[in-house]
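Input: a single structure, listed below in structure tokens.
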Amino acid sequence: MFDRTDAHITTWVIAIILFIVAVALHKSGKEKAMTIVQMILRVFYLLIITTGVLLFSKWGSTDPALYGVKFLFGVVVIAMMEMVLIRTKLGKKTGVFWTILIIAFIVTFYLGARLPLGWNWFAS
Ligand code: HEM
């Protein structure tokens, strides 16, 4: 958990799938099912943060600035998923939150893959 990123990757991949399922359930009018998926998704938010914090606690000091920004954007991704789902349920506009979600996801993904553990696609 401290040295490998597999658990962290698993949690955010499952969270994204659950998020898409929740949006799809809302579109097909299945509000009750959406609420259940949303509750499971919230457990995954905690798992993403837990696995992220475990990696961060061991490796964060090797590059505090980049790890710090990764942490921040990771939390923004989670916050925006929650905002989009809540506002979708309330029938409010979600455009801005979708935009922030997609940008924050791209930045988080880039930083994660750039940082030294696991995938190392953009390392300079
Ligand atoms: C949905 C939100 C998130 C996404 C999409 C995401 C994505 C990623 C990706 C793609 C990696 C690289 C995996 C690898 O190189 O094998 C990664 C690693 C990491 N993530 Fe996240 N993450 C998210 C949330 C978080 C949060 C909330 C934290 C902090 C609490 C965090 C902390 C970390 C740390 C410390 C690493 C290891 C970086 C390294 O040294 O390579 N992540 N994440």
Taking a cut-off of 16 Å, what percent of all Cα-Cα pairs in the chain are separated by more than that? 62 percent
Cross-link reach list, lysines versus K93, counting only Cα pairs under 19 Å and skipping chain neighbours closer than eight places: K27
Quick check on the exposure proxy: order F44, F122, F105 from fewest to most C-beta atoms within 10 angstrom. F122, F105, F44
Starting at the first residue of region 50-56, write each ³J(HN,Hα) from the Karplus equation 6.51 cos²θ - 1.76 cosθ + 1.60 with θ = phi - 60°, in whole Hz, x for Gly and Pro. 4, 5, x, 5, 4, 5, 4
Roughly what would the spin-label model give for E31 and V69, points 7 Å off Cα along C-beta, in nm? 4.3 nm
Convert each backbone phi in region 14-28 into a coupling constant with the Karplus relation 6.51 cos²θ - 1.76 cosθ + 1.60 (shift: θ = phi - 60°), then list the ³J(HN,Hα) values in order as whole Hz, x for Gly and Pro. 4, 4, 5, 4, 4, 4, 5, 4, 4, 5, 5, 5, 4, 4, 8
Sorted by average packing, counted as other Cβ atoms within 10 angstrom per residue and highest first, what order do 75-82, 52-59 take? 75-82, 52-59
Modelled label-to-label distance, I103 and F2, 7 Å Cα→beta-carbon offset: nm? 3.7 nm
Extension gain, K58 back to L46 (0.36 nm per residue minus Cα-Cα distance, nm): 2.5 nm
Just to verify a number: FRET efficiency for I17 and F122, C-beta to C-beta distance, R0 = 30 Å, to 0.05? 0.75
How far is it, in nm, from the label point at R114 to the one at K92 when both lie 7 Å from their Cα along the line to the Cβ? 3.2 nm
Summed side-chain charge close to I86 - residues other than I86 whose Cβ falls under 15 Å, Lys, Arg +1, Asp, Glu -1: +3
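Values quoted throughout were computed directly from the atomic coordinates according to the rules given, and no laboratory measurement underlies them. Just so we're clear, the structure is a prediction, and the values are computed from it rather than from any experiment. All Cβ positions, glycine included, derive from the backbone under ideal geometry; neighbour counts span all protein chains shown.
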